[in-house]
1. With unit charges on the beta carbons (Lys and Arg positive, Asp and Glu negative) and the dipole taken about the Cα centre of segment 36-159, which residue among W156, S68, G124 sits farthest to the positive side?
2. Given 0.36 nm per residue, what is the gain on full extension from A15 to N84 after removing their alpha carbon distance, in nm?
3. Using 0.36 nm times the number of residues separating T35 and D217, minus their current alpha carbon distance, what extension gain do you get?
4. Want the number for K177 to A197: 0.36 nm per residue separation, take away the alpha-carbon distance, what's left?
5. Can you put M80, M62, M40 in order, fewest other beta carbons within 10 Å first?
6. In whole Hz, with x marking every Gly and Pro, tabulate ³J(HN,Hα) for segment 26-37 from phi via Karplus 6.51 cos²θ - 1.76 cosθ + 1.60, θ = phi - 60°.
7. Measure up K43/K75; K67/K136; K43/K177; K43/K136; K43/K85 against 28 Å on the Cα-Cα distance and list the ones that go over.
8. Note down the magnitude of the dipole of segment 21-136 about its Cα centre, charges +1 on Lys and Arg C-beta and -1 on Asp and Glu C-beta and zero elsewhere, to the nearest 20 debye.
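Every number in this text was worked out from the coordinates using simple rules, so none of it is lab data. Everything quoted here is computed from the prediction, not taken from an experiment. For neighbour counting, all protein chains shown are included, and Cβ atoms are generated from backbone atoms with ideal geometry for every residue, glycine included.
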Amino acid sequence: SLQQAGLIDPPPPPAERLRAVQPEDIALEAQSLLTRAREMEPKVTRMLRRVAESHAGQLAGMDHQLKSVGSLKEKLKQQMALKNKTLEDAVAGVNDALRYSVVLEPPDFTAGLRGVLASLDDQGHVRVKLNNLFAKHKPAFKAVNVTMRSPEGALWEIQFHTPDTFRLKEQFHDLYKHSHALQFQGAPLTDQREVQAPAQDAFRLVPSPPECDDIDDWEEENVPALAMKAAAFKSQPNNRKDAAKFRAGVSSTPQVALSQQRAPTRFNANASPE
């Protein structure tokens with residue numbers, strides 16, 4: 001290429017895009033995201049634990065359901081640098097200041113996931129985006145990632161795992177951070193792939209749960225950025241109406257009509273997240 005031949009200069013690393021943003025502004029937004037996540041965490045945790053257990057699932061990694069201020073700052077920087085977003089748009093895109101891992105045994109996985117999402121939908125927590133990483137080619141991470149929106153408009157995340165994928169996620173935590181750092185620095189793709197290779201090799205040996213391929217990726221159009229306003233954590237009639245409208249729309253959309261495919265209610269008391 002011209003760049004390799006030295007005929008043109010290489011592009012600046014993505015991190016250079018942050019020069020126009022004040023670090024203190026990023027820190028303030030990160031702290032605000034964490035504060036709002038803390039406000040909703042107790043209620044969401046109680047609800048999700050009850051729902052997960054009713055569909056043979058377990059919550060795992062509960063020491064890390066709140067993203068730290070440092071991690072939120074890094075996420076905002078990555079969104080601005082790698083996706084060329086403004087700080088406001090980066091904040092609006094943060095879906096995992098509050099995040100959970102639901103672990104399901106492979107035979108229970110697909111029905112359990114559908115049952116959990118249907119139960120949450122009944123309580124006003126609607127799906128905004130679903131990404132089935134079990135169906136991707138050579139992933140360095142496997143799970144079904146789902147972004148939820150609360151009745152008040154706040155975004156939060158669930159990762160649905162099997163015991164094996166959750167164990168590997170924990171095992172490769174530092175590898176993922178290293179990979180993100182290389183991407184942020186503008187490192188060559190070959191370097192990034194080399195770092196990710198051990199995780200890809202490990203996840204390649206983990207089979208997909210039965211019928212997991214039937215879980216389609218999906219994303220809501222025109223996601224409202226209600227979660228980014230402090231007032232969104234207060235009960236607002238308009239937001240409740242929006243949530244009701246979305247739930248009504250879900251029931252008529254084949255890819256996400258999960259409320260009509262409920263899992264049997266059974267709780268495996270011996271299920272282990274590891």
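1. About the Cα centre, the residue reaching furthest to the positive side is S68.
2. So the extension gain works out to 23.8 nm.
3. Result for the pair: 62.5 nm of gain on full extension.
4. 5.8 nm
5. M62, M40, M80
6. So the J values, rounded to whole Hz, are 4, 5, 5, 5, 5, 5, 5, 4, 5, 4, 5, 5.
7. K43/K177; K43/K136; K43/K85
8. Numbers: 17 positive and 15 negative charges, 30 e Å.
Using Cβ point charges on Lys, Arg, Asp and Glu, segment 21-136 gives about 140 debye.
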